[in-house]
Structures are given as C-alpha cells and as structure tokens.
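Structure first, then comments.
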Amino acid sequence: MKTSALTSGGAKTIVARAPKRNDDRVILHFDYDCFYASVLENANPGLKGQPLGVKQKSILATCNYAARAHGVKKLMPIAEAHKICPGLVVLSGEDLTPFRDASKRLWSFLRSHSWSDRAERLGLDEVFLDVTDVIAYNQELLNRNALQDSFFQLSRHDPEKGFSFDATQFFGCIQPSVDPKDLTLLLDNPLCVRLLLASHLAGYLRLKLEEDFGYTSSGGISTNKTLAKLAGSVNKPQNQTTLLTLRDDYVQDFMDGHKLRQIPGIGSRIAQLIEDHVLSISTTPDSRDLEIGTKVTVREVRQYPSMSPDLLERILDRPGSERGSGEKVWNFLHGVDASEVKEASDVPTQISIEDTYMARPLNTPNELMRELRAIATSLVRRMRVDLAVADDPDHSSPASQQDGQPQLRWIAYPRTLRLSTFIRPKPNSTIPENLGRRSRSQPLPSFVLNLKDTSIEAVAERLASEALLPLFRRLHSERQGWNLALINVCVANMVMVARSSETGNGGGAGGARDIGRMFRTQEDKLREWTVYDPTPIAPVLDSTSSSACVTDTNDDVMDIEEVNKEKGVEAVEVVEELIETSDPVAISLDSDADAWEEEDEDESQRCHLCGHIIPIFAILAHERFHSVDD
DNA sequence: TTGGACGAG
DNA sequence: ATTTCTCGTCCAA
C-alpha cells in the first residue's frame, strides 16, 4: 500500500498512510436491549421487573438487566445462575418463532424510515439503517433562525408527518464530549448538522420502538456501519451515542481505545494471529487462552513497527484466508468502512434448522430418523412461513377457498438442500478441533414445493427418508455408533418466483406510497425480478402452477421477448423452472385443469410421460420434473 | 456447484 | 452442565 517517508530526529521511518474515511453517508444502528428477555416480558407483562433468564438447553442464552444486577451473565449454566440469583425466573427460548416475529415487526417499522430502503438486520436484535437521503432533505429544510422549534419531516409528500425537535442540541450522548458553547461554532459544519439531525431521528425512532412496540434499545449514529455500531455500545442500555467524525483524531482516538476483538469484523481467528505477531509470541502449539484478542488495543497494533496493510496481509495469509483482508483490517483499525447497508429483502438467502445432542449423542438409526423427521418438519414449516404468501389475487374467482386455509404460493424457493453433522470430539484428542464438522448437499427434491393437498408432516416424512437419510449415508457409511452431537439441515440457493397477476399501479406517486415502503408489498419488490406473466396463456389455472422465471447466463432477468431477440433462441429453451406441477396427481385432481385443456389446446401439448396437457412453453421444465422426482 | 472456514448475534 | 441456533460471506476445488 501507499507509504510516506517521514523524518523524525534524523532517522527515517517508513509509515503507512492512514486510509481516507468517507463521511458522505449517515448510518444508524439499533440494538434492542436484552431482546429475548424483552420479547418474553412483553408476552407476559407480569414478569417485568423480575430477574428473568432465557434458557436454551442447559445454559442461559441471555437474561434481563434485573438478573444481571444479581451477577447473572449470558451463557451461564442454569444451575450456577440459580445459585447467585435464587428468585430467577427461567423461561425456555429454544423455539425462536416469537423472537423472529418480533424482530421482523420492529425491522419493518425501522425500514419504512429509510427512503432508499436500506435496512439490514444483524441477528434478530440489531438493525442498520441508511438514512442519508432523509437527513439531506431535512438539512435543507432547517431554518437557522428558529433552530429550537425545528420540525423533522419523515415524508417527502406529507409535511404533517414528522416530529418537533430542538436543533440547538444533540439527542442523547455525543463522542467525544464537546463544550456546549463550542456547539454553535460546530453547527456551521454541514457534517455536524447532519449528525445532529440523525441523532434526533434515532431518538425519535427509539422512542417509537418503546412506546408503540414495547422495546427499549441502544442507538449508535455515525457515518459508516462500524462506527455506528461501536458508538451504540458506548452508552447502553436505553441510550444512544453519536460519534462526531468531524476530525480524524476524534475517530482515531475512539478506535484506539478499543481492544482488537471488539471491532466488528475482527473475529477470534484474525485477532489471535495479529495478537500473536504483535506480542511476538512464537506459535507455540498450546498458547491459547480463553480470552483471545482482548489483550491488545487498536492503538498498539497500529503503532507496531512498520505496521501496514501489507504486513497485516502477510500476518493473516494462510490457505483459505480472504484476499485483501490485510487492507480490510487496516481500514477497520482507522474506523474506515465502505460496506453498504444492504437493501431490505423479505426473502432470506437460506433457512436452516439444527439441534444439538451433547448430553446424549445420537448413535442408532431409530434416533437418527426421529431427529431427521423433527428437523424436516420444522424446516418445511419455516419454508412455508418465510418463502410463501397467501395467494389472494384481487381479480380471481372470489369463491376459490372454501376451507379455512388460504392457498399459499411461493415467492421464492430453494434449489439446494444441505445436511451437516458434527461428531463429538473423542474423550481425549490432542487437537479436538473441527474435522467433525462436515456437510453434503444435493438439489432440493421438487415434492417439497408442492403446496396442494400436502400436509407438512407428509412432506417432512418424505424429505427425511428420501433425501436427508441418503445425504447422511454419504457423510457416514457406518450403520450406527456415530456419536452425533449436531444435525443441521439447510435450504439455500434461493430462486425468486415470478408474480402472476396485478402488475398495475405503475406511476401514481400517491402520498400513501411514501411512508411506506412499510406498505410496500412483497410483490412490489419482486416486480424487479418478474419477467413473465403467464396469465394470458393459463388464465384459469392457479397462478403458482404456471409461474415461470427466465434467467440468462449472467443471472440478469429479462423479458422473454428480449431474451429471444438477444440470444436467438426459442422461449422453451430458456424457461428455467416450473414449480408446483411436479405432482401429476395434484394436477389431475384440480378441476381447473379441465378448463386449461379446453381453452388452451392450441398452445398446449400432451406430456408423453404423464399424459397431462402442458402449455408448450413449459414442456421442457415439466419433463425435467419427471427425471428429478425419480 | 460443493464443502468448508469464519464472523455476526 | 461450555457449545444455542442461526444467518451471511467468501474461498478453493
């Protein structure tokens, strides 16, 4: 990297130049206070104020502040917690459903306040928000002659929407602390004004989280994700901190005070390697302590002789390590982080279910199948919750659902199924490290995507016996006695599914449209991915049955006509997937199928394998299902 | 595409 | 009775 020669007292030292920070953005970070415990308290208000612990298996995943006052800690064994806090109430937190639901609601609310829709969840209890454009808008509106009586506009279109605030001071804490009388001077600095506005937005949002949803939180305000998150940790709980990035030494002093391991993005592995180097510890095979990366500060690493991105790269260089990680760490040490807050998405990139069995490892085929079934059931349920929506087409036949259950349709589906296991380290092995963690994957069998007349249990049973068990045998050839300590089943490699109907309301920028991306439907977002509306061909058939998605080799989605033009191929050759028709029985039981036959015989053709009428464009994909399904 | 390492809560 | 249950990214083969 770039270096510059400095002369100090005659001796020349080569010093790596500090990277340049970009303060163009405004980033908020929210961290809900002891989230799991708060969810359970809200579900059962009688618990409020009492010491509460949340249990997973044999340990406390977390606890509220009343419990912490008694010395209870996260990840503490239950028995120990009861000893030091006899009145401790312990509830199970093994089912994550209520935590996921609450997390999603809070995230949806926060998300509606980023006009660029950049709202990223980190775990269930943290959210990054990019509010750059909201802040810029309000900066222009600010009346310098009446700062005390300012109004923050949350909407471009509805001037009523917003809140009053005093723009002569920050909301919450600031870092570093500044003389109040200097503040008027600082207000001439546009960056300072933006951070001040952001502190009030964060304060308002935290207040709403508490009043409207019942969750207190900690907040961090700065110009990138790393700084916002670290700032938020300065004053917790129930408070917020704005890190003033007005001068480079403000930022550097702030970073320098942290231990290496505290920097998000520097994990135990990286911290260990750097620490060993800085402390000149020869790599003795047994020098690992429990606390890793907590001995050395950012300042000490930074000031280590001839420290530079290149040196860091060499320190971290090992097979499989990320290229450019030297520069990345170097940037972190200086509070530089260009990573963007990712655009909000309703579709997860993967869903996994796992269970651990350390008390009693699995060893017999019976135990194994029981667990595979249980995990498969949870997984199929999660898929239907997170990847499917109720199919209520505005213009379709209103009397379509007689039974209570709304018909579901996929908004995305996974292509890959993966099974991972962990073998418990044997009683005595010198380095009981990994190598116990292994996984195998395969294409997801298409029957899992059948939403019609198929109970979760039935699908899960098939999934366990026809897919997971074979995968398991690929991992472990032994018939039994595996000493299994963990099973993880994951679906990944998501494919967005095209929408079938309701492509309307293109232009109208109504006022209601604004605040809400809150009310932005999943369909709205998926429109970007939608390439083909099959309604004209199969107007009667349930929309899921005829959804298709076209993808070119660059994964860019295009209109089918354009694909034809560009590539000179027939439509049938670029139809990538057709879901839901995998089960011929389901089709034949569908009375609508008759309508299809009558109306579309011209453009359809009989499948020579199952004898059903399939629209011409879908024949290829349909035939693929016959091969996949067997 | 697959399997693993690593980092986050 | 140290190892919960996830989710995401990146790399090499």
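The values are calculated or read from the model by the stated rules, or taken from the named source; none is laboratory data. Everything numeric here is computed off the predicted structure, so don't read it as measured data. Positions of Cβ are generated from backbone atoms using ideal geometry, with glycine treated the same way; all protein chains shown enter the neighbour counts. Note: areas computed on protein heavy atoms with side chains; ligands, DNA, RNA excluded. Shrake-Rupley method; radii C 1.70, N 1.55, O 1.52, S 1.80 Å.
Points to keep in mind about this one:
- At 0.890 mPa s and 25 °C, Stokes diffusion of the stretch A:35-183 via Kirkwood alpha-carbon radius, µm² per second: 131 µm²/s
- In this simple spin-label model, placing a label point 7 Å from the Cα along the Cα-to-Cβ direction at both residue A:22 and residue A:314 gives a separation of 3.0 nm.
- For the stretch A:301-332, no residue has its backbone nitrogen under 12 Å from a point 7 Å from the Cα of residue A:268, taken along Cα to Cβ.
- Note on residue A:369 and residue A:416: the extension gain reaches 14.8 nm, defined as 0.36 nm multiplied by sequence separation minus the Cα-Cα distance.
- Taking 0.36 nm per residue of sequence separation and removing the Cα-Cα distance, the residue A:340/residue A:280 pair yields an extension gain of 18.1 nm.
- Counting Lys and Arg as +1 and Asp and Glu as -1 over every other residue whose Cβ lies under 14 Å from the Cβ of residue A:79, the net charge comes to +3.
- 26 Å Cα-Cα threshold exceeded, pairs from A:48/A:73; A:73/A:259; A:104/A:208; A:181/A:259: A:181/A:259
- Extension gain from residue A:164 to residue A:59, taking 0.36 nm per residue of separation minus the Cα-Cα distance: 33.3 nm
- For the stretch A:350-496, Kirkwood radius (reciprocal of mean inverse C-alpha pair distance, Å): 16.8 Å
- Estimated distance in nm for a label pair at residue A:453 and residue A:73, the labels positioned 7 Å out from Cα along Cα-to-Cβ: 5.9 nm
- Taking all protein chains together and a 1.4 Å probe, the residues A:222, A:280, A:116 rank A:280, A:116, A:222 from largest to smallest accessible area.
- Only protein heavy atoms count here; on that basis, with a 1.4 Å probe, residue A:226 has an accessible area of about 10 Å².
- Loop-resident sites, the stretch A:124-187, for trypsin sites (Lys or Arg not before Pro), counting at most 12 other Cβ within 10 Å (DSSP): A:144
- Using the Cβ of residue A:29 as centre and a radius below 15 Å, the other residues enclosed give a net charge of +1, where K and R count +1 and D and E count -1.
- Extending 7 Å from the Cα toward the beta-carbon at both residue A:477 and residue A:136 defines two label points whose distance is 6.2 nm.
- Whole-number D in µm²/s for the stretch A:318-383 (Stokes-Einstein; Kirkwood sum over Cα pairs; 37 °C, 0.692 mPa s): 197 µm²/s
- Rolling a 1.4 Å probe across all protein chains gives residue A:35 an accessible area of roughly 10 Å².
- Calculated log₁₀ intensity ratio I(q)/I(0) where the Debye formula runs over C-alpha points of the stretch A:152-299, q = 0.14 Å⁻¹: -0.78
- Taking packing as the residue-averaged number of other Cβ atoms within 10 angstrom, the listed peptides A:358-370, A:241-253 run from highest to lowest as A:241-253, A:358-370.
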